[in-house]
Amino acid sequence: MAISPTVSFAPANLEVRVHVMPDDVNRGLDVIAESGEYYRSSHVQLDGKDAPNNTRVELRSLPGRTYGVRDSR
């Protein structure tokens, strides 16, 4: 997973790029940004072995905080 930018001013737009190996069991990906009371997630449908190797998710207008970003693989 790669996140850009790593530091920004609020409200921030983050681009999250996730590398996922194509596999029949890969049907969805949840990208989650959370910090204390704030939580945002984005679900991306994957097409198993036909899914692209790289998936891009944009999280827009995040308020000023320090975030942990994770995927649900």
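Each value in this text was obtained by applying a stated rule to the coordinates, not by laboratory testing. Note that this is a predicted model, so its numbers are computed, not measured. Ideal geometry is used to build each Cβ from the backbone, glycine not excepted, and the neighbour counts take in all protein chains shown.
What is the sum of charges around Ala12, taking Lys and Arg as +1, Asp and Glu as -1, for the other residues whose C-beta is under 15 Å from the C-beta of Ala12?
Details: positive: Arg40, Arg60, Arg65; negative: Glu15, Glu34, Glu58.
Charge balance near Ala12 sits at 0.
If I take R0 = 25 Å and measure r between the Cβ atoms of Asn13 and Asp47 in this structure, what FRET efficiency does the formula 1/(1 + (r/R0)^6) give, to the nearest 0.05?
Approximately 0.40, to the nearest 0.05.
Write out the trypsin sites (Lys or Arg not before Pro) in the range 1-53 meeting two conditions: DSSP loop, and at most 16 other Cβ atoms within 10 Å of their Cβ. Provide the component values of the computation, followed by the final result.
Details: sites: Arg17, Arg27, Arg40, Lys49; in loops: Arg27.
The qualifying sites are Arg27.
Hey, got a sec? Which GluC sites (Glu not before Pro) in the chain land in a DSSP loop and have at most 10 other Cβ atoms within 10 Å? Spell out each step's value before the answer.
Details: sites: Glu15, Glu34, Glu37, Glu58; in loops: Glu37.
Sites meeting the loop and neighbour criteria: Glu37.
From zero up to wherever the largest Cα-Cα distance of the chain sits, split into 5 Å bins and tell me the percent of pairs in each.
In whole percents, the pair-distance histogram is 4, 15, 29, 22, 14, 9, 6, 2.
Enumerate by residue number the chymotrypsin sites (Phe, Trp or Tyr not before Pro) in the chain meeting two conditions: DSSP loop (anything except H, G, I, E, B), and at most 16 other Cβ atoms within 10 Å of the site's Cβ. The partial results should precede the final answer.
Working: sites: Phe9, Tyr38, Tyr39, Tyr67; in loops: Phe9, Tyr67.
Those satisfying the criteria are Phe9.
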